[in-house]
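Below: the structure, in structure tokens.
The values are calculated or read from the model by the stated rules, or taken from the named source; none is laboratory data. Predicted model, so just to flag it, every value in this text is computed and none were measured. FYI the Cβ positions are ideal-geometry reconstructions off the backbone, even for glycines, and counts take in every protein chain you see.
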Amino acid sequence: MYHTRTQKSFFRSVNAIFGKVGRTALEEVTLQLVFLKCIPALLFGLESMRLSKSEMKSLDLSFNRLLMKLFKTTNVSIINNCRLYFNTKSLSGLLLKRQEKKLVAKNCSDNFWGKICACTVD
């Protein structure tokens, strides 16, 4: 499976951020750092792979563990409320969006008019 080494790298970079900022930084700052530095390493290249449901759940579980550590709770309903408050999507949702972008970009580049108008998806 892909995720063993990737998840280790993800948690290593998350722990490095926690080691630098400790508990002094606001949760939103720490979360922003994680999204800038750690999430790309976890999702790198996955948009070109077909992941099973269990692999997608494992991906989401990695992110949920980070949130549990950040908000010092294991209560899933609290984590879900924090996700709503901080407007964070699941990693599987982010991955699906990246796959969709890649597919649209490929379709645009294969299409003559797509090449001319340089399609993009937000």
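When the stretch 31-61 is filtered for residues that are in contact with a His (Cβ under 8 Å, 6 or more places away or on another chain) and closer than 20 Å to I17 by Cβ, only L59 remains.
Residues are listed down the side, and each one gets a yes or a no for (1) more than 27 Å from N15 (Cβ to Cβ); (2) modelled with pLDDT under 85; (3) loosely packed, with under 14 Cβ neighbours inside 10 Å:
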| position | (1), (2), (3) |
| --- | --- |
| L43 | no, yes, no |
| L67 | no, no, no |
| C82 | no, no, no |
| K106 | yes, yes, yes |
| G114 | yes, yes, no |
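Considering each residue of the stretch 5-16 in turn, at least one proves to be modelled with pLDDT under 85, surrounded by 14 or more Cβ atoms within 10 Å (Cβ to Cβ) and not small (G, A, S). Suppose the filter is of a type in the set (V, I, T) and assigned to a helix (DSSP H, G or I); does T6 pass it? Yes.
Taken together, the residues in the stretch 40-64 that are out of contact with any Lys or Arg (no Cβ under 8 Å at 6 or more places or on another chain), assigned to a helix (DSSP H, G or I) and under 15 Å from T4 (Cα atoms) amount to 12. Taken together, the residues in the stretch 19-32 that are more than 12 Å from the chain's Cα centre (by Cα) and surrounded by 17 or more Cβ atoms within 10 Å (Cβ to Cβ) amount to 1.
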